[in-house]
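Structure first, then comments.
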Amino acid sequence: MGRRQLRASAWLAGGTACLGFAVSGKAQDLVAPRTEMSFMGRPGIVEMPVATSQPDAQMSLGYMQFDNVSRTSLSFQASNRLSGTFRYSILEGFDEARYFDGNRYDRSFDIGFRFIDEGQYRPAFAVGLQDFTGTGVYSAEYVAASKTVADGVRLTGGIGWGRLGSHDSFDNPLGFLNSSFKTRPGLGGNEAGKVQFDQWFRGPAALFGGVEWQATDQLQLNVEYSSDAYVQESDADIFDYAGPLNVSAEYQFGNGIGLSAAVLGGGTTFSGMLSYSFNVKTPPGPLDREAAPLPVAPRSAAPELGSGWSPSAAGPAPAPAALQERAAALLDEQGLRLTSLTLARSSATLYIVNDRYPAVAEAIGRAARAMTHVLPPGIGRITIVTQAQGMPVTSVTLERSELEHYETDLDGAWNIYSTAQIEDAEAPGVAPPVPVPGSYPYFEYGLGLYAIPLFFDVDEPVRGEVGLQLGAGVETSPGLIFSGNLRQKIAGNIDDSERPPNSDLPHVRTDTLLYYQATDLEMTHLTAEYFFRPGENVYGRFTAGYLERMYGGASGEVLWKPVDSPLGLGLELDYAVKRDFDMGFGFQDYDVALGFASVYYDFQNGYVGQVDAGRYLAGDWGATFSLDREFDNGWRVGAFFTLTDVPFDEFGEGSFDKGIVVEIPITWLSGQPSKDGFGTTLRPVTRDGGAQLDVRNRLYDLVRRDQEPDLGDGWGRFWR
Amino acid sequence: MIRFAALAPVAGVLLLGACSLPDPVSSIFSGRDSGQSPSERRYEQLSRAGVPSVLAGVENEEGRFAAFLKLQERNGIGTWVSPDNVSLSLWNGFLVATRGLGGDIMSADVGEVQAAILFGFPGYYPRFQSYLDGENQTVIRSFVCKVSSRGTRQVDLGPFTATTRLMEEDCKSSDQSFVNLYWVDEGTGEVRQSRQWASPLLGPIALRQIPR
C-alpha cells in the first residue's frame, strides 16, 4: 500500500516535471524506498531526517532505546506535505542532581514541511523544526533534499542548525543575510518550552547525508553521516560518541509492525526500535458489521390508517397512538428513539434521538426506511428532525417516491442527498414536536468502569487510574436535564506524584493532583442543564451546579450556527468557584468570572479551526487557537495553543499553554456503531495560565454533527 | 479442469450446509420463543409463513453461512434476511446488495450481465458495484465481464434434481478480477445455485435455493 502510494505520487511528481520541461523518461518509473520512521520517531534515515513524506494520514508510534536514553514517539502525516511528531524522551543521568532523580524527562514537538516535490531530476525538499517548543535538548532546524536514484535507493543530503549542526560545523551561511545568524543565543532558565523563534537557523551549521536502500519488500538498510555530535549526552557521560556514522536495518512485518536495529555514534552504541504504523483512513477491520436496516417497504404493503382518524386540515396533528407505537418499536430496533410523530394530509414529521450512529445520515436513512413500513400509502413526504439534548437541530425532508426509487440505485446515496431538503429544525414550515405520550420524564443511568490514562508526565511516562462509575440523569421536559456522576477509584498511581504546585499564578490547574490525593470517591459533576432554541440558527445552553472536577458555578452559552454554514459564532459567560479537594459539596474561596467569544470555521477540506478569545480561569485575558484535521470516519487530530497576558516567565515552564489532541472513534476499531471514542490531550506541561473551564456539552460539538458540512460528509452511510 | 478445482470450496459450503441443516429453518428455532431480538422474531414469523429461502455462505470464512428468508420483494428485488440481522438483496438470483456482512456491496448494476446469463448470450458486458471506503465515501467500481456457458449440469436440490446450464461470468477491472458462476435452470430459467463475488474484503458468496 505504502509503496503503491509513493509510486503514484512519484509518478504524479514526474508528470508535473514533464509539463515544465517537456521531457519524459524512465526516472519516473523508479520504485522509491518506503519512507520509514527514524530513531527520532519521524520520517528519516537512522537519526537524520529525509525530505520525503509518509502517505497522508499515516500515524506511527515508536519506542526506541539505547544505553541511557529511551524515546517514545507519535508521528502523524497531518497533510500531504506537513508532518508533526511528539516525542517523550527519558535521558537517565542527564541532569546529575540538578533535578530530583538526575533523569531528564523531555517532551518535544517536531514539524516538517515538504515544500518541493520530487521531479524527474529534481529532489524533494523539506524544512523542519525539531523540538521547537520543548526543553531544548533536541532543539534543531534543518533543510533536506531527497532523490530516488535507482529502484529502491534514495539519497538524502541536508544542512542542520542547533543540535543538527554540532558535528564538523562551519559558520552559518545565513550570516551573509544578517550577522545575528552567526550565533545561537543560549536558553534562559525559565524559557524552556517557549517557541524559540530567536534561535531558529542561528549559530553554526553542519552537513548531513545518507542512503536508504529497500533491499526487499520487508527489509530496509540505511547508512548516514550524522551532523549530531551528541554533545550534551557526551558531556553528561551517558553516551559514548566515536564518530558520525550511523547504520540501521529495519524489518517490516507487513501488518504495520516494524523492528529496527541500529549502531549509532560511529560504532559504539547499539540501539533497537519497535514501531507500529497505520493509516487513519483505513480501519483495521473487521469492517462494519452493523445490523442490516429495514428495506424500503413496497407502497402496496403499507398499512392504511384505521377508520375514525383523519388528518386535520388546519395542520399537523399527532399520529394515532397505535401508529406511534409501531413506529417507535421499529425505530427502537434501529437504536433510535421517537419523541414525536405528527401527520398532515400527505406528510409525516418525526423527531428522533440518535444515540447510536456517528454518521447522522445513517440514522436518518434508517428512520426513513423504517417509517415506510408503518406510514399509510397516502403519506408521500417524510420529514425527520434530529435532536441534541432535547433541542431540535436539523430537519431532513425526503420524498417517499425518491426513497423507493433510489434504494437500489448504483449512486443512490448521492441521488437521495441531491433531492433531500435539509434545513434548520426551527425554519418556518417544519412541524413542531408533540411529545409522544410517556417520552418525558426520560430517565437514563449507567454503571461502568472508567479509566484515566495520563501519558508522558514530567516524572513518569504513564500514570493512570481505573475505577467504578455511576452516572444518572433525567430529562424532565425537552432540553431540561438533571444529571450527576460519581466515581470510586479502585486502583491507580496518579496520586503518587509528589510535585507541589510551584506556580506564581492562582493554582487553577496545577493542583489537580491534590484532588486525586484528597479522595477516592469523586463527584465529577452534578448539574442542571437547559438546552433551548431561541430562534432559527441560534442555540442556547444554561448550566448550573458542580460543573467539573475542580469547579462549580454557572455557565451560559449562545451559539449562532446556520445548518448549511461552515461558520459558527459563540459567546459563553461563566462564573466558577473552586471546589474543595475532597470533591464533595464544599467550595474554596477562589472564584472568578470568565468567558469567551468563539469563532468556529469548517474549511471543508478536512480542517476545522477555532479561536476562543476571552478571560481564563486565573483571570488572565487572551485567546486560544486550534486547528484540527477531521476525518469522515470520526478520527480527529489537532493542535492548539493559548496566548494570554501572563508574561512567559511568570507562566513558568513552557511559557504558554499548548498541546495536541487525538480522538479515536470506537466504531473505527470495532466495526459496530457507536458515538463513543477515546480521546486524549497531550501537553508538554500543564500550568495555570490560559486554563479553560471544562463545562460539559458545549453547543458547537453538540450540534455540528447534525449539520452541514458534517451531515453531507457522512451521507455515504444513508443506505447503510 | 483448473477452474473446476477452484469451484470445489463452493460445493463444499453448499454441501456442508445442505447436510448439516436438512431443515435449517425449524432446527434453529425449536423451542425458543422468549428473549428474542426483533430480527429473530421477524425471522421466525417468516419461517412459519413458509416464505422462500436460500442458503448463503461466505466462501472464505468457514462456518459463516445461514438460511436467508425472503422478507419482501419490491421492483423485482427481494430482500432476504438471516436471524442475526444480515440481509441480502437478490434480483432474479443476482446479488445486488448486502448489509451486515462487513465489506458490504452497497449496490450493483448488473442489468446487462443478468440478461446475458439468463438468456444465454455469450459476450462481453459491463458490471458496476459500489462500496463504502474507510471514510464512508461511496466508491463505484466498474468491471468488464466475459459471459460464457460451461454446458449442462445436474444440481441436486434435495427433493428434486434440476437440470441447469452452468454460466460463467469472468470479470476484470484495472486491479481486481473474479469469476462468478450461475446454475440456471433450463426449464424455469431460475438461478438454482450461484457463486458471486461480493467485495475484496468478503470474497465470493455461495448461494443455493432451498426448495420447500
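The values are calculated or read from the model by the stated rules, or taken from the named source; none is laboratory data. Note that the coordinates shown come from a computational prediction; the quantities given were computed from them, not determined experimentally. As a convention, Cβ positions derive from the backbone with ideal geometry for all residues, glycine included, and neighbour counts pool all protein chains shown. Heads up: the accessible areas ignore ligands, DNA and RNA and are worked out on the full protein's heavy atoms, side chains in. Shrake-Rupley method; radii C 1.70, N 1.55, O 1.52, S 1.80 Å.
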- Task: With a point put 7 Å past each Cα toward its Cβ, work out how far A:Ala261 is from A:Phe625 in nm, to one decimal.
- Result: 4.7
- Query: How far, in nm, would the chain grow between A:Asn605 and A:Trp213 when pulled straight, counting 0.36 nm per residue and subtracting the alpha carbon separation?
  - Reply: 137.6 nm
- Note on the structure: The alpha-carbon pair-distance distribution computed for region A:678-720, with 5 angstrom bins and whole-percent values, is 5, 14, 15, 16, 17, 13, 10, 6, 3, 1
- Item | Alpha-carbon centroids, region B:95-165 and region A:217-236: separation in whole Å | 56
- Query: Averaged over peptide A:399-412, how many Cβ atoms belonging to another chain are found within 10 Å of each residue's Cβ?
  - Reply: 4
- Item | Buried accessible area, chains A and B (both chains, 1.4 Å probe, Å² to nearest 100) | 2600
- Note on the structure: Per 5 angstrom bin, beginning at 0 and ending with the bin that holds the maximum distance, the Cα pairs of region A:376-426 fall in percents of 5, 20, 24, 19, 17, 11, 4, 0
- Message: Probe of 1.4 angstrom, ligands and nucleic acids ignored: what's the accessible area per residue over the protein assembly as shown, in square angstrom?
- Response: 41
- Item | Most to least accessible of A:Ile490, A:Ile257 (protein chains only, probe 1.4 Å) | A:Ile490, A:Ile257
- Note on the structure: Loop-resident GluC sites (Glu not before Pro) in region A:464-555 with no more than 15 other Cβ atoms inside 10 Å, DSSP not H/G/I/E/B, are A:Glu498, A:Glu536
- Item | the protein assembly as shown: Lys pairs at Cα distance under 18 angstrom, eight or more positions apart or on different chains | 4
- Item | Neighbour cut-off at most 13 other Cβ (10 Å), DSSP loop, GluC sites (Glu not before Pro), region A:206-273 | none
- Of the heavy-atom accessible surface of region A:442-706 (probe 1.4 angstrom), what whole percent is carbon and sulfur? 61
- Can you tell me the 0 to 90 degree angle between the C-alpha axis of helix A:360-371 and the longest principal axis of chain A, rounded to 10? 30
- Item | Three-way shape label, the protein assembly as shown, alpha-carbon gyration tensor, a/c 1.5 | oblate
- Counting only protein chains, not ligands or nucleic acids, how are A:Asp355, A:Asp228 ordered by accessible area (probe 1.4 Å), most first? A:Asp355, A:Asp228
- Message: Once you order the gyration tensor axes a ≥ b ≥ c over the Cα atoms, which shape class does region A:299-438 get: rounded for a/c under 1.5, otherwise prolate or oblate by comparing a/b with b/c?
- Response: rounded
- Task: Pop out the ³J(HN,Hα) list for region A:611-623 in order, Karplus 6.51 cos²θ - 1.76 cosθ + 1.60 with θ = phi - 60°, rounded to Hz; leave Gly and Pro as x.
- Result: 10, 10, 10, x, 10, 9, 4, 7, x, 7, 10, x, 8
- If you take the square roots of the eigenvalues of the alpha-carbon gyration tensor of region A:442-706 and sort them as a ≥ b ≥ c, do you get rounded (a/c under 1.5), prolate (a/b over b/c) or oblate? rounded
- Which number do you get for Rg(Cα) / (2.2 N^0.38 Å) in region A:198-277? 1.30
- Task: Using Cα pairs closer than 8 Å and at least 6 residues apart in sequence, work out the relative contact order for chain A, in percent.
- Result: 9
- Query: GluC sites (Glu not before Pro), restricted to region A:81-183: which are DSSP loop and have at most 11 other Cβ atoms within 10 Å?
  - Reply: A:Glu96
- Task: Quick one: accessible surface of A:Ile238, probe radius 1.4 Å, all protein chains present, in square angstrom to the nearest 10.
- Result: 10
- Query: Using θ = phi - 60° and the Karplus curve 6.51 cos²θ - 1.76 cosθ + 1.60, what whole-Hz ³J(HN,Hα) does each residue of region A:639-655 get, with Gly and Pro shown as x?
  - Reply: 9, 8, 8, 10, 10, 10, 7, 6, x, 4, 6, 6, 4, x, 3, x, 6
- Task: Enter the accessible area of A:Arg687 (Å², nearest 10), with the probe set to 1.4 Å and all protein chains included.
- Result: 30
- Only helical DSSP H runs with n ≥ 4 go in: add -39500 (n - 2.57) per run for the protein assembly as shown, normalise by residue count and round the 222 nm mean residue ellipticity to 500 deg cm²/dmol. -4000 deg cm²/dmol
- Based on the mean of other beta carbon atoms within 10 Å per residue, what is the order of B:68-77, B:192-201, most packed first? B:192-201, B:68-77
- Item | Distance between modelled label sites at A:Asn502 and A:Ala518, nm, 7 Å Cα→Cβ extension | 2.3
- Message: What do you get for the angle between helix A:321-333 and the principal long axis of chain A? Use alpha-carbon atoms, 0 to 90 degrees, nearest ten.
- Response: 20
- Note on the structure: Long-range amide H partners of B:Leu157, meaning residues 5 or more apart or on another chain whose placed amide H is closer than 5 Å, are B:Ala162
- Provide the solvent-accessible area of A:Tyr607, counting protein heavy atoms only and rolling a 1.4 Å probe, rounded to the nearest 10 Å². 50
- Note on the structure: A correct Karplus calculation of ³J(HN,Hα) over region A:418-431, with 6.51 cos²θ - 1.76 cosθ + 1.60, θ = phi - 60°, whole Hz and x for Gly and Pro, returns 6, 9, 6, 9, 10, 8, 5, 5, 8, 5, x, x, 7, 4
- Message: Once you keep just the Cα pairs under 8 angstrom separated by 6 or more residues, what percentage relative contact order results for region A:502-656?
- Response: 15
